[in-house]
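Quick notes on the structure that follows.
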Amino acid sequence: MRMHKKPHLEERISACSKVVTVADLSDKNMLSSVQKKEYLQFNKIFGNDNPVHLEIGCGKGKFVLEMARLHPSVNFIALEKITNVIIDGCEKLLKEPLNNVYFLNASAEVLQKYFPNGSVERIYLNFSNPLPKMGYAKQRLTHPKFLQIYRNILTANGEIWQKTDNEDFYNFSVESYGEENYKIISTCRDLKNNPFDGNVVTEHEQRFTDMGLPIFRIVARV
């Protein structure tokens, strides 16, 4: 089902300029776009040198906002390519006094345009689209081409924390991490019955858990 464009979207995202950077999504040449660096100035955005965590595919921002409340000494960047979706998180942030969250309206392909090498301590991949058809494999966020991008922006010993409800995507991801020489720190095939301290339940996670579906988790390290 096609999502209806929210009313006054351009005006609303412009009003959120203090908490979001909007990429030029019209540039379809990712290779040339990445070369034109527009690094996020973390010191200017957050006013400190705290470690940076990145959520890729943040949706409406529920996870990242809750993480920011729980971890005030960590700076969170939340990336979402769909402006119609990220606007919800941006507007929620404007209403809450959180100074450790910032949004980026861009696609994962251009991460290196905005993040210097070795600048991110942890990446969260929460219920990314599994894109089950083989023809879409290169678009999966744990395909080796993305893992190479993540490796560049992650710090030494930086980690990826991934959750998914799709077993095939879980298996694909485990294989991809191995191919790209990431060290798999832990795996879990049933998060509900094997919880970990500090887990923030996303909207998707709650829905899938209520449906009785298992939640898969991977922690991989550079």
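The values are calculated or read from the model by the stated rules, or taken from the named source; none is laboratory data. This one's a predicted model, so the numbers in the text were calculated from it and none came from an experiment. When we count neighbours, we look across all protein chains shown, and the Cβ atoms used for this are built from the backbone with ideal geometry, even at glycine. Note: areas computed on protein heavy atoms with side chains; ligands, DNA, RNA excluded. Shrake-Rupley method; radii C 1.70, N 1.55, O 1.52, S 1.80 Å.
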Hey, can you tell me all the residues within the range 166-180 that are surrounded by fewer than 13 Cβ atoms within 10 Å (Cβ to Cβ) and not small (Gly, Ala, Ser)?
-> ASP168, ASN171, GLU175, GLU179
Among the residues of the range 197-215, is there at least one that is open to solvent by 90 Å² or more (accessible area, probe 1.4 Å) and in contact (Cβ under 8 Å) with a residue 12 or more places away in the chain?
-> no
Which of the residues belonging to the range 141-154 are of a type outside the set (A, V, I, L, M) and either open to solvent by 20 Å² or more (accessible area, probe 1.4 Å) or in a helix (DSSP H, G or I) (or both)?
-> HIS143, PRO144, LYS145, PHE146, GLN148, TYR150, ARG151, ASN152
Run LEU131 past the list (1) closer than 30 Å to GLU38 by Cβ; (2) among the aliphatic types (A, V, I, L, M); (3) surrounded by 18 or more Cβ atoms within 10 Å (Cβ to Cβ) and report the number of the one that doesn't hold.
-> (3)
Grab the helices (runs of 4 or more DSSP H) fully contained in the range 1-105, keeping just those with 1 or more residues being farther than 21 Å from VAL120 by Cα.
-> 9-15, 30-35, 83-94
Determine which member of the set LYS138, LYS183, LYS163 is exposed (fewer than 13 other Cβ atoms within 10 Å of the Cβ), within 17 Å of ARG122 (Cβ to Cβ) and basic (Lys, Arg).
-> LYS183
Please verify whether the range 21-38 includes one or more residues that are touching a Phe, Trp or Tyr at 6+ places or on another chain (Cβ under 8 Å) and of a type in the set (S, T, N, Q).
-> yes
Collect the residues in the range 141-157 that are farther than 19 Å from GLU205 by Cβ and either in contact with a helix residue (DSSP H, G or I) (Cβ under 8 Å, 6 or more places away or on another chain) or among the acidic types (Asp, Glu) (or both), keeping them in residue-number order.
-> HIS143, PRO144, LYS145, PHE146, LEU147, ILE149, TYR150, ASN152, ILE153
Taking the range 84-118 and the residues there that are of a type in the set (S, T, N, Q) and touching a helix residue (DSSP H, G or I) at 6+ places or on another chain (Cβ under 6 Å), the one that is most open to solvent (accessible area, probe 1.4 Å) would be ASN117
Scanning the range 186-200 residue by residue, the ones that are more than 16 Å from ILE123 (Cα to Cα) and either assigned to a loop (DSSP other than H, G, I, E, B) or modelled with pLDDT under 95 (or both) total 9
Of (1) charged (D, E, K, R); (2) in contact with a His (Cβ under 6 Å, 6 or more places away or on another chain); (3) without any contact (Cβ under 8 Å) to a residue 40 or more places away in the chain, ARG122 fails just (3)
